[in-house]
2 protein chains.
Amino acid sequence: MTALPPPLRVFLVDDHRLFRSGVRTELSHGFELAGEAGEVEEAVTAILSAQPDVVLLDVHLPGGGGQAVIAGVHATDPDVRFLALSVSDAPEDVIAVVRAGARGYVTKSIAPDSLADAIRRVHDGDAVFSPRLAGFVLDAFAGAVTEPADPELDQLTPREREVLRHIARGYAYKQVARRLGISIKTVEAHVSSVLRKLQLSSRYELTRWATDRRLL
Amino acid sequence: MTALPPPLRVFLVDDHRLFRSGVRTELSHGFELAGEAGEVEEAVTAILSAQPDVVLLDVHLPGGGGQAVIAGVHATDPDVRFLALSVSDAPEDVIAVVRAGARGYVTKSIAPDSLADAIRRVHDGDAVFSPRLAGFVLDAFAGAVTEPADPELDQLTPREREVLRHIARGYAYKQVARRLGISIKTVEAHVSSVLRKLQLSSRYELTRWATDRRLL
DNA sequence: GCGGCCATCGGGGTTCCCCCCGAGGGTTGC
DNA sequence: GCAACCCTCGGGGGGAACCCCGATGGCCGC
C-alpha cells in the first residue's frame with residue numbers, strides 16, 4: 001500500500017460561527033483546518049500567514065464581501081485558491097466572485113461529501129461549479145452571452161436593443177438621441193418598434209421588462 | 001446539590017446539511033437532538049412524531065419556507081415552539097415567520113452561547129429576538145408601523161403615499177384616478193407634491209426611489 | 001437588379017406628464 | 001373662530017411620449 005497523502009489544509013471564511021462549526025466538523029476527516037475568520041480584514045491577514053491549500057469563502061461578508069478577501073489576498077499572493085460557498089445562487093453573486101478570482105462556486109446546500117470532493121478538485125486545479133451555476137459562468141466569460149435563447153429578445157435588432165437599454169435606464173428620448181448621435185425621431189421609431197415587438201405599451205412597462213430580465 | 005434538569009430536546013430544520021452539522025456540534029452540550037430535516041413535508045411529519053421541546057427553523061426552505069412548517073405542525077399540534085433562525089434580517093421575513101407562529105427570531109450570525117440561551121428562553125415561554133429585529137416585530141403588531149424613521153417617507157401624507165404606490169407600479173394618472181375614485185387633477189396634485197417633497201423630477205425617478213425602498 | 005430588412009429621418013397628431021395658478025370643504029389645535 | 005393642514009378639483013400651458021404615414025439610403029440574398 002502507498003503512503004497516505006498529507007491532508008489538505010483548508011481555511012474557512014464565514015461570518016456565521018455556527019456554519020463554520022459545521023464545516024469544521026464535516027471536514028474533520030481528511031482535511032486540516034488552517035484557520036478561520038469572520039471578517040474581511042481578519043481573513044486577508046490570516047490567510048496570508050497561514051498559507052492554506054484552499055480557502056472556503058462565503059460570498060456575503062460584512063466589510064466588502066468575499067470578493068474583497070480575494071482581492072486582498074491576491075494582491076500579495078495570487079496563488080491562493082478560493083472556493084466560494086454561498087447560500088445564494090444568483091448570477092450576479094456567482095459572476096462577481098468568479099471574476100474576483102474564485103476557482104469554484106458551490107451553494108451551502110451541498111452535501112458534505114460533495115464539498116470534500118470539490119475542495120480536492122479545486123486544489124488540483126479544476127474549476128468546480130454546481131451544475132445549475134455552470135451556465136452562468138460560461139456565458140459571462142464567453143462574452144457573447146449566448147443566454148438561454150430568449151425568443152422575445154431575439155426578435156429585436158441590435159440597434160433596437162441598444163435603444164432599449166438606454167430607455168430602460170430612464171433616459172429621455174432627447175438624451176438617448178444625443179448619446180447615440182441620432183435624431184429623436186429615430187429613437188421614437190426604434191422604441192415604437194420595440195414596444196410593438198414585445199407587446200408592451202409604455203416605457204414604464206419596458207423598464208420593468210428589462211429589469212425582470214436583468215438587462216440593466 | 002440538586003439534580004440536573006433533563007436536556008432540552010431540539011429539532012433542527014434547515015436545508016443546509018453543513019449548517020445543521022454546525023448547530024449539532026455547538027449544541028451537543030446541554031441539549032438533545034430530537035431529529036432534523038431539510039424539507040417542509042419531511043419536517044412536519046418528523047416534528048409531530050418526535051415531539052421536541054423547541055424547533056430551530058430556517059426561514060428560507062424549499063417547498064414553502066419555514067412558515068409552511070409552522071402551519072403544518074400547528075394544524076395538529078399548536079404547542080410546538082419554534083425559534084426562527086435565518087441569514088436574513090429583512091423585515092418581511094421576520095414578520096412573515098412571526099405571524100406564522102414563531103416564538104423568536106435570531107440571525108445565523110448569532111454566537112453559539114447566545115443561541116443556547118435563546119433556545120432555553122423560548123422553551124420557557126419568552127419571545128426572543130435579536131435586538132435589531134425586535135423593533136420590526138413590535139411595529140408590525142402595534143399596527144402603526146412606525147418604521148425606522150424614514151424622514152423622506154414620513155413627510156408624505158397618507159394619500160400621497162397611496163398615490164405614490166400606484167404611480168411606482170406604473171399606472172397612468174387616469175388609471176390611478178379611477179382606482180382611487182378621484183379626479184385626474186387630484187392625482188396630479190398629489191404626484192406634484194410627492195415629487196417636490198422627495199426632490200425628484202419625474203415619475204421614473206419615483207419608481208426607482210420606491211423600489212430602492214422596497215415599497216412596491 | 002430587385003425585393004426585403006435595417007437604420008435613418010421628417011410632418012403631424014393625440015395623449016400623457018408635470019407645472020403654475022387658484023379655490024372650496026373638511027379636520028385639528030390653539 | 002381662525003390658522004394650518006389635508007384632500008379635493010378646475011383652467012391652462014409646455015414638453016415629453018407614442019403613433020401613423022411616408023421617404024431616403026445601405027446592405028444582403030436570390
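The values are calculated or read from the model by the stated rules, or taken from the named source; none is laboratory data. Computed from a predicted model, the values in this text were never measured in an experiment. Positions of Cβ are generated from backbone atoms using ideal geometry, with glycine treated the same way; all protein chains shown enter the neighbour counts.
Descriptive notes on the structure:
- Test result for B:P112, at pLDDT below 85, within 14 Å of chain A (Cβ to nearest Cβ) and either buried (at least 17 other Cβ atoms within 10 Å of the Cβ) or in contact with a helix residue (DSSP H, G or I) (Cβ under 7 Å, 6 or more places away or on another chain) (or both): yes
- Checking each residue in segment B:186-216 for being among the basic types (K, R) and either in contact with a Leu (Cβ under 8 Å, 6 or more places away or on another chain) or under 21 Å from A:S202 (Cβ atoms) (or both) picks out B:K197, B:R203, B:R208, B:R213.
- Within segment A:165-177, restricting attention to residues that are more than 19 Å from B:A172 (Cβ to Cβ), of a type outside the set (S, T, N, Q) and away from DNA strand C (no atom under 11 Å from the Cβ), the residue that is surrounded by the fewest Cβ atoms within 10 Å (Cβ to Cβ) is A:K174.
- Scanning segment A:181-216 for residues that are farther than 19 Å from A:T157 by Cβ, within 7 Å of DNA strand D (Cβ to nearest atom) and surrounded by 15 or more Cβ atoms within 10 Å (Cβ to Cβ) turns up just one, A:Y204.
- For B:L48: the one exception among (1) modelled with pLDDT under 85; (2) more than 26 Å from A:D14 (Cβ to Cβ): (1)
- Test: residue in segment B:83-90 that is farther than 28 Å from A:L27 by Cα and either of a type outside the set (D, E, K, R) or within 11 Å of chain A (Cβ to nearest Cβ) (or both): yes
- Identity of the residue in segment B:74-84, within 15 Å of B:R99 (Cβ to Cβ) and modelled with pLDDT of 85 or more, that ends up surrounded by the most Cβ atoms within 10 Å (Cβ to Cβ): B:A84
- Among the residues of segment A:85-96, the ones that are of a type in the set (G, A, S) and either assigned to a helix (DSSP H, G or I) or modelled with pLDDT of 75 or more (or both) come to 2 in all.
- Condition check for B:V122: in contact with a helix residue (DSSP H, G or I) (Cβ under 9 Å, 6 or more places away or on another chain) and buried (at least 17 other Cβ atoms within 10 Å of the Cβ): no
- Applying the criterion of being hydrophobic (A, V, I, L, M, F, W, C) and touching a His at 6+ places or on another chain (Cβ under 8 Å) to the residues of segment A:38-82, the residue that is nearest to B:T107 (Cα to Cα) is A:V54.
- Filter result for B:E162 (part of a helix (DSSP H, G or I), more than 14 Å from chain A (Cβ to nearest Cβ) and modelled with pLDDT of 75 or more): yes
- Pair list, Cβ < 9 Å and 6+ apart or interchain, from segment B:171-182 residues that are on the phi < 0 side of the Ramachandran plot and within 14 Å of chain A (Cβ to nearest Cβ) to residues that are away from DNA strand D (no atom under 11 Å from the Cβ) and part of a helix (DSSP H, G or I): B:Y171/B:R179; B:Y173/B:I167; B:Q175/B:H166; B:V176/B:H166; B:V176/B:I167
- Number of residues in segment A:165-194 that are among the aromatic types (F, W, Y) and outside any loop (DSSP other than H, G, I, E, B): the value is 1.
- Of the residues in segment A:27-47, at least one is hydrophobic (A, V, I, L, M, F, W, C), away from chain B (no Cβ under 14 Å), closer than 18 Å to A:V122 by Cα and assigned to a helix (DSSP H, G or I).
- Every condition in (1) crowded, with 17+ Cβ neighbours inside 10 Å; (2) part of a helix (DSSP H, G or I); (3) at pLDDT 80 or above is met by B:F136 except one, and the failing one is (3).
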